[in-house]
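The values are calculated or read from the model by the stated rules, or taken from the named source; none is laboratory data. Keep in mind the model is a prediction, meaning the values are calculated, not measured. Cβ atoms come from the backbone with ideal geometry, glycine included; neighbour counts cover every protein chain shown. Each accessible area value is taken on the protein alone, full model and side chains, heavy atoms only, with ligands, DNA and RNA left out. Shrake-Rupley method; radii C 1.70, N 1.55, O 1.52, S 1.80 Å.
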Amino acid sequence: MKKAVMYGAGNFGRGYLGQLFCESGYETVFIDVNPVIINKINADGGYPVYVAKNSEYSECRVDNICGIDGKDTDSIAEAVASADIAATAVGVNALRYIAEPFAAGIKLMFENHRKKPLNVLICENLSEADKYFSAMIKSHLSEEVGEYFDSHVGLVLTAVGRLVPETPKAILEKNPLAVCVEEYRELPVDKNAFKGTIPNIKHMIPCEPFGYYLSRKLYMNNMGHVMCAYLGYLRGYKYIWETLEDESVRTITRGALREVALALSKEYKTGVGELYEAADLLLERFSNKLLGDTVERVGRDTKRKLAENDRFVGAAILCQKHGVTPYCVCAGIAAGLMFDPAGDVYSTEVAERIKKFGLMPTLAQYCGIDAASELALAIRLIYEKLSSGSSICDVAEMLKKR
């Protein structure tokens with residue numbers, strides 16, 4: 001049986017790639033530092049996936065799996081060196097921790113004189129994650145092995161779009177490996193990044209030019225989802241589906257998606273109608289009550305999500321580039337600067353910075369937005385309205401008139 005290595009056995013790794021690998025006839029080796037998860041994987045050899053469709057779950061099962069402790073470098077190296085396909089879903093901040101054991105696998109491939117290429121699907125929310133991960137891996141390789149890595153290993157960017165929220169407590173109590181997902185499971189990947197023959201993975205779609213799909217995913221899927229969280233937080237909602245039952249939140253989010261859709265259509269010379277339809281589909285998917293995705297989970301870490309090259313500021317800059325004024329995107333940024341749930345240290349860091357130094361210096365430091373720019377002025381206008389007591393409804397009405 002073909003072997004897949006899945007680096008990261010969290011909800012996303014199990015609920016997205018793990019299912020696709022299983023359906024495509026692979027034995028999947030999960031690597032994770034959570035011993036409870038790894039031990040359970042090895043004990044059970046499979047787990048249930050609950051697909052949220054309409055108002056009920058349909059259950060399927062992922063089998064032919066095993067697990068490796070993320071601290072066991074020798075076992076990781078052997079798994080990587082013998083894999084037919086690999087993937088990462090560990091979170092951007094954890095990539096640096098897996099680079100060295102992954103590099104050990106590349107060294108073993110080299111020592112074994114492996115000729116067959118290894119392709120690695122990079123499922124992380126980071127622009128140019130392939131280059132970032134590549135540099136980290138090569139820092140642990142000699143020049144000779146580094147050249148082998150360049151010619152034999154394909155780091156393939158993906159536009160991950162499936163919603164995989166936290167699994168409800170009642171389901172976890174029955175099985176800690178169980179995961180809940182939405183029905184949507186397409187996985188666009190960078191066609192030109194593969195080394196050798198592109199493997200046949202169900203629902204994996206090799207695309208070119210991939211920049212379009214990556215931008216669409218980051219600036220529409222990711223931005224829209226988090227915008228619901230930021231606006232919903234100000235309205236006191238717990239779940240994402242609740243936020244979209246609020247007409248003011250839906251209006252601003254839909255407006256932001258349309259601003260970005262228009263900019264993307266100009267950037268990539270594609271029809272805007274297709275992108276408007278994609279925006280409406282996203283709102284429908286975000287509204288899935290059965291997923292139970294929370295505002296706090298989706299919104300957390302504003303330090304990263306409001307960064308210059310991430311979903312909000314990147315989208316706003318793209319809009320400006322093509323003459324689209326991103327008022328609704330700016331509303332999302334303003335709301336994000338006010339997002340400060342208990343326990344979210346990275347969001348608290350941003351909020352505390354505003355209290356200590358003010359809005360404009362914070363925009364410059366965390367978002368890379370110059371205080372004199374049109375973006376900064378638009379964000380300040382909306383931020384001041386929200387912080388002085390204006391409601392999201394008032395802001396929505398203001399934005400409608402622009």
Of the residues TYR327, TYR346, which single one is aromatic (Phe, Trp, Tyr) and either closer than 19 Å to TYR233 by Cβ or under 20 Å from the mean Cα position of the chain (by Cα) (or both)?
TYR346
Go through (1) farther than 20 Å from PHE339 by Cα; (2) open to solvent by less than 40 Å² (accessible area, probe 1.4 Å) and name the single condition VAL226 misses.
(1)
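Yes/no matrix, rows are residues, columns are (1) of a type outside the set (Ser, Thr, Tyr); (2) in contact with a Lys or Arg (Cβ under 9 Å, 6 or more places away or on another chain):
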position	(1), (2)
ARG61	yes, no
THR73	no, no
ALA79	yes, yes
ALA94	yes, no
How about the range 139-154: which of its residues are open to solvent by 20 Å² or more (accessible area, probe 1.4 Å) and without any contact (Cβ under 8 Å) to a residue 40 or more places away in the chain?
LEU141, SER142, GLU143, GLU144, GLU147, ASP150
From the options VAL179, VAL145, VAL153, residue that is β-branched (Val, Ile, Thr), out of contact with any Leu (no Cβ under 8 Å at 6 or more places or on another chain) and over 21 Å from GLU23 (Cβ atoms)
VAL145
Take residues that are touching a helix residue (DSSP H, G or I) at 6+ places or on another chain (Cβ under 6 Å) and open to solvent by less than 10 Å² (accessible area, probe 1.4 Å) and tell me which of the helices (runs of 4 or more DSSP H) falling wholly in the range 288-364 contain 2 or more.
295-299, 311-321, 327-336, 345-357
Within the range 6-59, how many residues are of a type in the set (A, V, I, L, M, F, W, C) and under 15 Å from ILE201 (Cβ atoms)?
5
All positions within the range 125-136 that are within 24 Å of LYS2 (Cβ to Cβ) and either crowded, with 22+ Cβ neighbours inside 10 Å or free of Cβ contacts under 8 Å to residues at least 12 places away in the same chain (or both)
PHE133
Going through the range 164-178 in order, the residues found to be open to solvent by 10 Å² or more (accessible area, probe 1.4 Å) and either of a type in the set (Phe, Trp, Tyr) or assigned to a loop (DSSP other than H, G, I, E, B) (or both) are VAL164, GLU166, THR167, PRO168, ASN175, PRO176
Is it true that some residue in the range 251-272 is polar (S, T, N, Q), closer than 27 Å to TYR346 by Cβ and open to solvent by less than 20 Å² (accessible area, probe 1.4 Å)?
yes
Might you let me know whether the range 321-329 holds any residue that is in contact (Cβ under 8 Å) with a residue 60 or more places away in the chain and aliphatic (A, V, I, L, M)?
yes
LEU118 passes all but one of (1) without any contact (Cβ under 8 Å) to a residue 40 or more places away in the chain; (2) crowded, with 20+ Cβ neighbours inside 10 Å; which number fails?
(1)
Please enumerate the residues belonging to the range 365-393 that are among the aliphatic types (A, V, I, L, M) and either open to solvent by 40 Å² or more (accessible area, probe 1.4 Å) or assigned to a helix (DSSP H, G or I) (or both).
ALA371, ALA372, LEU375, ALA376, LEU377, ALA378, ILE379, LEU381, ILE382, LEU386, ILE392
Has the range 9-17 got any residue that is within 25 Å of the chain's Cα centre (by Cα) and either part of a strand (DSSP E or B) or charged (D, E, K, R) (or both)?
yes
Selected residue (only one of GLY45, GLY8, GLY105 is open to solvent by less than 10 Å² (accessible area, probe 1.4 Å) and at positive phi)
GLY8
Inside the range 179-213, the number of residues satisfying the requirement of being touching a residue at least 24 places away in the same chain (Cβ under 8 Å), touching a Cys at 6+ places or on another chain (Cβ under 9 Å) and either among the hydrophobic types (A, V, I, L, M, F, W, C) or open to solvent by 60 Å² or more (accessible area, probe 1.4 Å) (or both) is 3
Mind listing whichever residues of the range 27-42 are assigned to a strand (DSSP E or B) and open to solvent by less than 10 Å² (accessible area, probe 1.4 Å)?
THR28, VAL29, PHE30, ILE31
